[in-house]
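Every read-out reported here was derived from the displayed coordinates using simple, explicitly stated rules and does not represent laboratory data. Since this is a predicted model, take the numbers as computed values, not measurements.
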Amino acid sequence: MTRTKPLHLFMLAVAGAAILWFIETALATSGRPVLIPPFTVAVALVLIGVIIVAMAWPVRRVARGDRSKRVDPFYATRVVVLAKASSLAGALLAGGALGILGFFLTRSVPQVSSVTMAIAVVVGAVLLLVGGLVAEHWCTIPPDDDEKTRKGTPDPQGL
């Protein structure tokens, strides 16, 4: 699995912002109530980010050389896939919350509570994104000396 690329995260954030700004504008122009994210969404996103980092901690210890405890390879695979999904979802949700925030800030009289809720969701989504990226980084195995010699680094003994 390849590492998450910043361009993919940026593209997801832009797409989320554009889609939710458009949805908010369409709802407002049709006379329907607009979407206001509840504060519990921000709390849930932060908790998910913390849980993912906590799940990646045992994998990090083993990947960094602590061989006293073994980690199931299927567990490590699940953690890294969940971390990647969390970083992508965090980027999409952060962009969507920024789109909602942008909609509220362009109104003539923005409601302070709506703006506050949107800011809280942006912060929660960014923390989920960061937690996913940290967990993904922790689940990578540093290259061995054997891999370095196979990739073109000359063997000091000339073998």
For region 6-142, compute Rh as the Kirkwood radius over C-alpha pairs and then the Stokes-Einstein diffusion coefficient at 4 °C and 1.567 mPa s; write the answer in µm²/s, rounded to an integer. 81 µm²/s
Is the shape of region 25-73 rounded, prolate or oblate, going by the alpha carbon gyration tensor and its root eigenvalues a ≥ b ≥ c, with a/c under 1.5 for rounded and a/b larger than b/c for prolate? prolate
Expressed in angstrom, Rg and Dmax over the Cα atoms of region 1-84 are 19.1, 63
